[in-house]
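Notes to accompany the following structure.
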Amino acid sequence: MLSELVINNFALIKRLELSFGSGFNVLTGETGAGKSIIIGAVNLILGGRASADLIRDGSDEAEVQAVFSLPASEEIIQLLEDLGLPESEEVIIRRVITRSGRNRVYINGVLSTLTQLTRLGQDLVTVSGQHEHQRLLDPEVQLLLLDQYGGLMAVRAKMAAAHQRWMELRTRVSSLEKRFYTAHEKADLYEFQVKEIEAANLVPGEDEDLEQERNFIRNAEKIFITVRDSYDQLYGRTGAVTEVLDAVRSDLGKAAAIDDQLASQVSELEDAYYKITDAAEALHDHLDRLTFDPNRQEEIEERLSLISRLKKKYGPGLKEVMDYARRAGADLEKLSEMERELEATKAEAAKAGEEARKHAEDLSDRRKGAADRMSVAATEELKSLGMPQLDFQIRFVEKNKSIDPGPVGWDEIEFLISPNVGEKLKPLARIASGGELSRAMLGLKALLAGQEKVQTLIFDEVDAGIGGGVAEVIGRKIKGLSTFHQVLCITHLPQIAVFAPHHHLVFKEVRERRTVTDIRQLSDNERIEEVARMLGGLKPSAQTLAAAREMVSKASKRTKSAN
């Protein structure tokens, strides 16, 4: 529940500290005192729109802080964890708005986002004002109220989960189909390309080997002549190097027999002779191996031409060509796998669709039973709220069930009312006045008392267009709601205010030449005086005070007897 509210420099409020009790809290005050400012501050805490216009004149920033005591339920604790916020036995929300536009949100002392605040606020407080009453005309809200009344929220959640899974599978099918058909369109091309590359029987590095071999063949004649002439000069003709070297060696050997200092030169010449002889023999052997096959040159040229074409089509190098063939082959293999996956996913999606339809059918059947019960209960509630001739029914809009159900099933409904005997039932949106909408919302909240997960209900303008005995009935209804929820109610009617044990007076006064709005909780005697003012004006008579005292006493007795 909302236990504390602190407001600084907000509109006409300089500083205000409020403590609210459990059960029924009422806020009263003269018209224009600033009761709507309090609601505005609460809306700000719940994620409402912030504007620099809300900052009090002369101040650079406004601040609103609220402390919520958490229930024993773990839902809010789990929500805090899901939102990545610190867990605690209470939730402290602080919102700061500045003229520069640098607005800030703190939740349990941690700088937070407006999205986090809005999501958390949905589970803390419901504000029922004019905007909330208009939401009652929304068919989606009406369907939600029916499900809440019928205790169908768990079934509704199963429906939503089944629908989400179905949609996820359908999205996956669509994605797989696009991929499959795109791949299928390329399959013929891939198949041709793989066959073309595989038919070439490429060997890694063969293009380099062929280039080298082609270069050799192109220069084969020159190589042959060079080797032959070299052999002849070294060994194969008269006056060859070996012949001359042998003669020099022989002559020098004779001289060394006389001059032993020539022995080393003779030895070196002998080594040179044998090395040159070996080299000549190797050149001779190489000449025997040299061949000139003109057909081989043509084969090489054709092979290199094929490899060049493949490189131009599939990659700059032979490795890239072979890699492309592997990838294309893998894509062809994946195509069959993709087709199997597509068919399996289609089957799974069809099964999920049937499951969603079963949930939708079950939800529809349960809703129809709940609608009959709710129509009777709502009629009685609204009759007790000053509409004695009213008839209330829930109509289901006929739907073609061959159409896919949505996340809440197939159903669309309308709340129908007939305010007077003899009048036809018509949609609530077409005939309800503001006062009737206000009472309809209150009546439905009374029906749903204890089912809403929010702990705090705020009623603003709930007394629009009513008075007298109806106002007393509404006061009792709100008092009944306060058994299940903390209730904050702004009202101008004493018949409602007397049922609230926690009575707060909103007032406006001039302080230091500035108008300010303030609020304070009333004592028992002050409460009677305020009820008297609401009954008879600013200066109530003794009779009015006595009437106020009696109203408060009777309301208190009714409350005790009801308990």
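Could you state the angle between the C-alpha long axis of helix 35-45 and the longest principal axis of the C-alpha atoms of the chain, as a value from 0 to 90 degrees rounded to the nearest 10?
Once rounded, the angle reads 20 degrees.
Run the numbers on the range 462-544 and let me know its relative contact order in percent, using alpha-carbon pairs under 8 Å that are six or more apart.
23 percent
Could you sort the peptides 319-326, 530-537, 96-103 by per-residue average Cβ neighbour count (10 Å cutoff), highest mean leading?
The peptides rank, most packed first, as 530-537, 319-326, 96-103.
If you add up the charges near Leu390, with Lys and Arg at +1 and Asp and Glu at -1, over every other residue whose beta carbon is less than 14 angstrom from its beta carbon, what do you get?
Computed value for this residue: -1.
How much length would be gained if the chain were fully extended between Glu526 and Glu550, taking 0.36 nm per residue of separation minus their Cα-Cα distance, in nm to one decimal?
Values: separation 24, 0.36 × 24 = 8.64 nm, distance 1.43 nm.
Fully extending the segment from Glu526 to Glu550 adds 7.2 nm.
Please work out the FRET efficiency for the pair Tyr181 and Lys358, using the Cβ-Cβ distance as r and a Förster radius of 35 Å; give the result to the nearest 0.05.
The pair Tyr181/Lys358 has a calculated efficiency of 0.65.
Can you give the translational diffusion coefficient of the range 32-163 in µm²/s, computed by Stokes-Einstein from the Kirkwood radius over Cα pairs at 4 °C and 1.567 mPa s?
Translational diffusion coefficient: 76 µm²/s.
For the chain, what is the calculated [θ] at 222 nm in deg cm²/dmol (nearest 500), taking -39500 (n - 2.57) for each run of four or more DSSP H residues and dividing by its residue count?
-19000 deg cm²/dmol
Quick one: go through the range 310-330 and flag any residue whose amide nitrogen is under 17 Å from the point 7 Å out along the Cα-to-Cβ line of Glu208.
316-323
Pull up the DSSP beta bridges for the chain and report the antiparallel fraction as a percent, rounded to 5.
Roughly 75 percent of the beta bridges in the chain run antiparallel, per DSSP.
For the range 186-333, with equal point scatterers placed on the C-alpha atoms only and solvent neglected, what are the log10 I(q)/I(0) values from the Debye formula at q = 0.19 1/Å, to two decimals?
Treating every Cα as an identical point scatterer, log10 I(q)/I(0) equals -1.06.
Between helix 241-258 and the chain, what is the angle of the helix's C-alpha long axis to the longest principal axis, kept within 0 to 90° and rounded to the nearest 10?
Result, in degrees: 70.
State whether the range 523-563 is rounded, prolate or oblate according to the following rule on the C-alpha gyration tensor (a ≥ b ≥ c being the square roots of its eigenvalues): a/c under 1.5 gives rounded; otherwise a/b larger than b/c gives prolate, and the remaining case gives oblate.
Working: a/c = 2.99, a/b = 2.27, b/c = 1.32.
Prolate, because a/c is 1.5 or more and a/b exceeds b/c.
Between Leu189 and Lys158, what's the calculated FRET efficiency when r is the beta-carbon distance and R0 is 41 Å? Round to 0.05.
Rounded to the nearest 0.05, the efficiency is 0.30.
Going by average Cβ neighbours within 10 Å, how do the peptides 189-197, 439-447 rank, with the highest at the top?
Packing order, densest peptide first, comes out as 439-447, 189-197.
Kirkwood hydrodynamic radius for the range 345-502: how many Å is it when counted over pairs of different Cα atoms?
17.8 Å
Report the extension gain between Ser36 and Lys399 in nm, rounded to one decimal, defined as 0.36 nm multiplied by the number of residues separating them, less their alpha carbon distance.
126.4 nm
Pick the calculated Rg/Rh (Cα atoms, Kirkwood Rh) for this structure from (i) 0.98; (ii) 1.05; (iii) 1.48?
Only one listed value fits the structure, namely (iii).
Tilt of helix 220-231 relative to the longest C-alpha principal axis of the chain, in degrees (0 to 90, nearest 10)?
Orientation of helix 220-231: about 40 degrees from the principal axis.
What is the spin-label model distance, in nm, from Leu287 to Lys557 if the labels are put 7 Å beyond Cα along the C-beta direction?
Inter-label distance under the simple model: 14.5 nm.
For the range 145-158, just list the computed ³J(HN,Hα) in residue order, Karplus coefficients 6.51, -1.76 and 1.60, θ = phi - 60°, integers in Hz, with x standing in for Gly and Pro.
So the J values, rounded to whole Hz, are 4, 4, 5, 5, 4, x, x, 9, 5, 5, 5, 4, 5, 5.
Can you sort Glu398, Glu4, Glu472 from fewest to most other Cβ atoms within 10 Å of each residue's own Cβ?
Glu398, Glu4, Glu472
Report the local net charge at Tyr274: Lys and Arg +1, Asp and Glu -1, summed over other residues whose C-beta lies under 12 Å from its C-beta. The partial results should precede the final answer.
Values: positive: Arg249, Lys275; negative: Asp246, Glu268, Glu270, Asp271, Asp278, Glu281.
Taking every other residue near Tyr274 into account, the sum is -4.
At what distance in nm do the modelled label points of Leu12 and Thr171 sit from each other, each positioned 7 Å from its Cα along Cα→Cβ?
For the pair Leu12/Thr171, the computed spacing is 5.0 nm.
Using the Kirkwood formula over every pair of different C-alpha atoms, what hydrodynamic radius in Å results for the range 1-53?
About 12.2 Å, per the Kirkwood formula over Cα pairs.
Given points 7 Å out from each Cα along the Cα-Cβ axis, report the Asn103 to Ala272 separation in nanometres with one decimal.
Distance between the two pseudo-spin positions: 10.3 nm.
No value in this document is a laboratory result; all are computed from the given coordinates. Everything quoted here is computed from the prediction, not taken from an experiment. Cβ sites come from the backbone with ideal geometry, for glycine too, and all protein chains shown count toward neighbours.
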